[in-house]
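Chemist: Here you go, one structure.
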Amino acid sequence: MASPLSRIFVLTGAGISAESGLGTFRDRGGIWDRFDPLRLATPEAFAADPDTVLDFYNWRRRNALAAEPNPAHRALARAEARLAAAGGELFLCTQNVDDLHERGGARGVVHMHGELLRARCTQCAHTFACRDDIARTDPCPRCARIGLRPDIVWFGEMPMHLEAIDAALARADLFVAVGTSGSVYPAAGYVAQARRLGIRTCEVNLEPSDNAALFDERRYGPAGEIVPAFLAAHGLG
Ligand code: OAD
């Protein structure tokens with residue numbers, strides 16, 4: 001068994017939800033293989049054709065609601081609870097917009113790319129929980145004006161919670177990236193940031209990511225198998 005850890009920073013990507021049936025983005029047949037992100041995931045696309053953009057996210061929201069967490073989500077939630085009980089921390093930063101970490105039992109999930117199950121008013125910036133389809137004509141529950149969008153970070157927009165993420169990375173003693181291709185910044189830069197801070201780094205992925213060479217340790221295979229085994233090997237099973 002490896003030495004006990006007290007503060008783990010975990011960055012997850014679409015690969016952790018793949019075994020729950022949600023598509024990844026850049027794998028063959030993935031979401032950005034089938035759909036053009038410039039037409040669906042930018043503020044300009046929303047301004048030009050809001051119905052198409054809303055439909056895309058309505059479809060993804062329905063898929064996420066129909067999916068179930070897998071053993072990787074649950075193992076991270078157990079490790080989060082164990083570390084918290086021991087006075088440590090598992091900081092769970094996800095690029096995913098689904099709620100499978102939460103439904104797997106995790107408590108402190110930081111969604112840097114937003115959440116499918118929240119909506120935002122483009123008029124007054126009010127955000128609120130939303131499990132239903134969003135239509136262009138839906139009024140904001142606070143200001144009553146029209147112009148709702150998913151509370152999602154689109155290309156060209158600033159990811160969320162960056163200060164809290166930087167602070168958590170700075171106090172971590174292990175950085176683990178799970179199921180991410182390492183191609184979207186700033187998340188793709190966290191492994192290099194961890195290295196500069198002298199933090200050990202580990203990649204768990206189906207195959208080597210774009211950043212594989214930057215990791216001290218690499219474990220390849222399905223997240224549903226590798227994540228529980230990795231955490232158990234660190235006394236967090
Ligand atoms: P990607 O689709 O770019 O990468 C997913 C990674 O998961 C790939 O490296 C796969 O090899 C790996 N993978 C696939 N199945 C797996 C499994 N069962 N177990 C472990 N790994 C597996 O997804 P992300 O890196 O999450 O942003 O993409 C980052 C961002 O790009 C997303 O948050 C999204 C997208 O555009 C926005 O929409 C803003």
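The values are calculated or read from the model by the stated rules, or taken from the named source; none is laboratory data. Remember, it's a predicted structure, so these values are computed and weren't measured experimentally. Neighbour counts are summed over all protein chains in view; Cβ atoms, including those assigned to glycine, are modelled from backbone coordinates with ideal geometry.
Chemist: For Ala188, which of the numbered conditions (1) in the same structural domain as Trp32 (by TED's automatic domain parsing); (2) of a type in the set (A, V, I, L, M, F, W, C); (3) within 10 Å of the ligand (Cβ to nearest atom) fails to hold?
Modeler: (1)
Chemist: From the list Ala67, Ala72, Ala84, pick out the single residue that is more than 24 Å from Gly182 (Cβ to Cβ) and either surrounded by fewer than 22 Cβ atoms within 10 Å (Cβ to Cβ) or in contact with a strand residue (DSSP E or B) (Cβ under 9 Å, 6 or more places away or on another chain) (or both). Give the derivation first.
Modeler: On the way: Ala67 fails: more than 24 Å from Gly182 (Cβ to Cβ); Ala72 fails: more than 24 Å from Gly182 (Cβ to Cβ).
After applying the criteria, what remains is Ala84.
Chemist: Among the residues of segment 10-42, count how many are in contact (Cβ under 8 Å) with a residue 60 or more places away in the chain and more than 8 Å from the ligand (Cβ to nearest atom).
Modeler: Final tally of qualifying residues: 7.
Chemist: Report, by residue number, each residue of segment 71-121 that is in contact (Cβ under 8 Å) with a residue 60 or more places away in the chain and touching a Lys or Arg at 6+ places or on another chain (Cβ under 7 Å).
Modeler: Correct list: Gly88, Glu89.
Chemist: Among the strands (runs of 3 or more DSSP E) contained in segment 118-185, which hold 2 or more residues that are of a type in the set (D, E, K, R) and closer than 22 Å to Asp99 by Cα?
Modeler: On the way: elements: 127-129, 148-152, 174-178.
Because the criterion is at least 2 residues that are of a type in the set (D, E, K, R) and closer than 22 Å to Asp99 by Cα, the strands (runs of 3 or more DSSP E) in segment 118-185 that meet it are 148-152.
Chemist: Confirm whether Ala45 is on the phi < 0 side of the Ramachandran plot, in contact with a Lys or Arg (Cβ under 6 Å, 6 or more places away or on another chain) and assigned to a helix (DSSP H, G or I). Even if it seems obvious, please write down each step before you answer.
Modeler: Values: on the phi < 0 side of the Ramachandran plot: yes; in contact with a Lys or Arg (Cβ under 6 Å, 6 or more places away or on another chain): yes; assigned to a helix (DSSP H, G or I): yes.
Criteria met by Ala45.
Chemist: For Arg7, state whether it is near the ligand (Cβ under 6 Å from one of its atoms) and either among the aromatic types (Phe, Trp, Tyr) or surrounded by fewer than 20 Cβ atoms within 10 Å (Cβ to Cβ) (or both).
Modeler: Working: near the ligand (Cβ under 6 Å from one of its atoms): no; either among the aromatic types (Phe, Trp, Tyr) or surrounded by fewer than 20 Cβ atoms within 10 Å (Cβ to Cβ) (or both): yes.
It is false that Arg7 is near the ligand (Cβ under 6 Å from one of its atoms) and either among the aromatic types (Phe, Trp, Tyr) or surrounded by fewer than 20 Cβ atoms within 10 Å (Cβ to Cβ) (or both).
Chemist: Go through segment 203-223 residue by residue and tally those that are of a type outside the set (Phe, Trp, Tyr), in a loop (DSSP other than H, G, I, E, B) and on the phi < 0 side of the Ramachandran plot. Reasoning before the result, please.
Modeler: Within segment 203-223, the subset of a type outside the set (Phe, Trp, Tyr) is 203-214, 216-219, 221-223.
Of the ones still in play, those that are also in a loop (DSSP other than H, G, I, E, B) are 206-211, 216, 221-222.
Right, trim to on the phi < 0 side of the Ramachandran plot and you get 206-211, 216, 222.
Total satisfying the criteria: 8.
Chemist: A further question follows. Checking Arg196 against (1) touching a residue at least 12 places away in the same chain (Cβ under 8 Å); (2) over 22 Å from His111 (Cβ atoms); (3) not hydrophobic (A, V, I, L, M, F, W, C), only one condition comes out false. Which one?
Modeler: Answer for Arg196: the failing condition is (1).
Chemist: Is one or more of the residues making up segment 211-218 under 28 Å from Ala41 (Cα atoms) and within 16 Å of the ligand (Cβ to nearest atom)? Give the steps one after another, and end with the answer.
Modeler: From segment 211-218, those under 28 Å from Ala41 (Cα atoms) are 211-212; that's our starting set.
Pick out the ones that are also within 16 Å of the ligand (Cβ to nearest atom) and you get 211-212.
Yes: one or more hits.
Chemist: Would a scan of segment 161-172 turn up a residue that is of a type in the set (D, E, K, R), under 16 Å from the mean Cα position of the chain (by Cα) and buried (at least 19 other Cβ atoms within 10 Å of the Cβ)? I'd like the intermediate steps shown before the answer.
Modeler: First, the residues of segment 161-172 that are of a type in the set (D, E, K, R): 163, 166, 171.
From what is left, the residues that are under 16 Å from the mean Cα position of the chain (by Cα) are 166.
Cutting the leftovers down to buried (at least 19 other Cβ atoms within 10 Å of the Cβ) gives us none.
Taking every residue of segment 161-172 in turn, none turns out to be of a type in the set (D, E, K, R), under 16 Å from the mean Cα position of the chain (by Cα) and buried (at least 19 other Cβ atoms within 10 Å of the Cβ).
Chemist: Any chance you could count how many residues in segment 42-90 are polar (S, T, N, Q) and more than 21 Å from Trp154 (Cβ to Cβ)? Step through it out loud before you land on a result.
Modeler: Of segment 42-90, the ones polar (S, T, N, Q) are 42, 52, 58, 63, 70.
Still in the list and also more than 21 Å from Trp154 (Cβ to Cβ): 70.
Residues flagged as polar (S, T, N, Q) and more than 21 Å from Trp154 (Cβ to Cβ) within segment 42-90 amount to 1.
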